[in-house]
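The next block holds one structure in the form of structure tokens; read it before the comments.
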Amino acid sequence: MQDKFLKEVLGIVAGKQAEEIVNLLDGTKYVNEFIIAKKLDVTINQTRNILYKISDYGFVSSIRKKDKKKGWYTYFWKIEILKSLNFLKNLLEKNLNQLELQIKSKETKRFYICERCNIEFSEENALSHDFSCDECGSLFTIKDNTKVLREHRRAYELWKKQLNFVEQEIAKEEKKIEKKKLKEAEKEKPKKKVKKKVVKKKPVKKKTIKGKIVKKKVSKKVVKKKSVMKKTSKKKMKKKK
Ligand SMILES: [Zn+2]
């Protein structure tokens, strides 16, 4: 189900070839772009062009590694599942809103039609045309919208179901991300504690020792400088003499 949605999103954004990329990308691991190109059976530049297009929307992300011998960069790509699904969710919500308005208008308002030209008019428009067609002169008839309404309502239900599925997939993905964060946090916790203990013990001793040494050194330097000053002043004195 998720793959179907992701294909839809990438297809909207970057065309049919982008749909195939969904099968080759992962949501967690970065995939070498040369592997993607090989499996798509297109050149590396064509592959990059598709991926750049998708990355403009933030639906894929990349890291790059420099080839030390050849000096060029290779990109590794990952699909941003949550962002892609949220895009589809927003799109469906927009479509549903528009369709809902159309349904309401067809339910509550009267429409007229010129059956010869197959042009539809709202009641206000029909009135301003005196209920007759400018093109052919025929009189308008009231349009029967029951069939259109039925189709609209069917589409509305379908989109709503799809939106429901997309929201479920988003919830699943968010749970996955949360789990991952928790795991990573658990991994980091014990390490930090050990580090903190070690860090706390050592600097206390070092500081006191260093402090003393530094003070001694400074005082020595000051003494040296003073003696140098004295020497130079003595030399100057000698020169002056
Ligand atoms: Zn007409």
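Computed from the coordinates by the stated procedures, all read-outs in this text should not be read as laboratory data. Bear in mind that the values here come from a model prediction, so they are computed numbers and not experimental data. FYI the Cβ positions are ideal-geometry reconstructions off the backbone, even for glycines, and counts take in every protein chain you see.
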*Can you pull out the trypsin sites (Lys or Arg not before Pro) in the range 3-40 that DSSP calls coil and that have at most 12 other Cβ atoms within 10 Å?*
29
_Using 0.36 nm times the number of residues separating residue 139 and residue 104, minus their current alpha carbon distance, what extension gain do you get?_
10.0 nm
_Can you tell me the mean projection area, over all orientations, of the convex hull of the range 1-113's alpha carbons? Units nm², please._
9.8 nm²
_Test of understanding: ordering 129, 152 by Cβ neighbours within 10 Å, fewest first, what list do you get?_
129, 152
*Cα-based equivalent ellipsoid, the range 51-149: semi-axes from gyration tensor eigenvalues, Å*: 56, 17, 9
*asked:* Taking the number of other C-beta atoms within 10 Å as the exposure measure, put 106, 187 in order starting with the fewest.
replied: 187, 106
*Using a Förster distance of 41 Å, how high is the FRET efficiency between residue 28 and residue 158, based on the Cβ-Cβ distance and rounded to 0.05?*
0.85
*Order by neighbour count: 72, 159, 77, fewest other Cβ atoms within 10 Å first, most last.*
72, 159, 77
*asked:* Considering only C-alpha atoms, what is the centroid distance from the range 65-130 to the range 11-27, in Å?
replied: 20 Å
*asked:* Checking the table 89/183; 160/181; 38/181; 7/161; 4/183; 29/53 against a 25 Å threshold on Cα-Cα, which pairs fail?
replied: 89/183; 160/181; 38/181; 4/183
